[in-house]
Amino acid sequence: MYKFLAVCGFGVGSSMVLKMSIEKAAKERGIDCEVENTDLSSAKGTGADAVFTSQELGDELKGSTKSPVYPIQRYMDKEEVGKALDDFLSTKD
């Protein structure tokens, strides 16, 4: 089972929307995962298989986490989120 983080500045609004999109896209792909929404500072100290966030926060997170970071522009776009999941899975083969 994979652990994914959905990250926004405060860990409340947009990360919850992103979390739901990740869960939907993962379900369509048959990926067994746990998705947690969190804020930027908590994400830096939390281990995860992958981190999904905005472009702006992604640049900051890349330097402070060992997890791969996938920037998402449109949090409600299941296609875009699904492509990021596909990119993540392609590194696991």
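Coordinate-derived values only; no laboratory data. Predicted model only: the values in this text are computed from it and were never measured. Heads up, the Cβs are rebuilt from the backbone with ideal geometry, glycines too, and the neighbour counts pull from every protein chain shown.
Quick one: longest stretch of the chain between exposed loop trypsin sites (Lys or Arg not before Pro), exposed meaning at most 15 other C-beta atoms within 10 Å and loop per DSSP?
Looking at the chain, 1-65 is the longest stretch - no exposed trypsin sites (Lys or Arg not before Pro) with at most 15 other Cβ atoms within 10 Å.
Lys27 to Arg74: extension gain in nm, 0.36 nm per residue of separation minus the Cα-Cα distance?
Roughly 15.0 nm would be gained on extension.
Using the structure shown, select from Lys44/Lys83; Lys3/Lys92; Lys3/Lys78; Lys27/Lys92; Lys27/Lys66; Lys24/Lys66 the pairs with a Cα to Cα distance greater than 21 angstrom.
Lys44/Lys83; Lys27/Lys66; Lys24/Lys66
Pick from Ile72, Ile22, Ile31 the residue whose mean-square fluctuation is largest in a GNM of the chain, springs joining Cα atoms under 10 Å.
Comparing Ile72, Ile22, Ile31 in the GNM, the peak value goes to Ile31.
Kindly provide the pair-distance distribution of the chain built from C-alpha pairs, with 5 Å bins from 0 and whole-percent values in order of increasing distance.
The calculated distribution, bin by bin, is 3, 16, 30, 28, 17, 5, 0.
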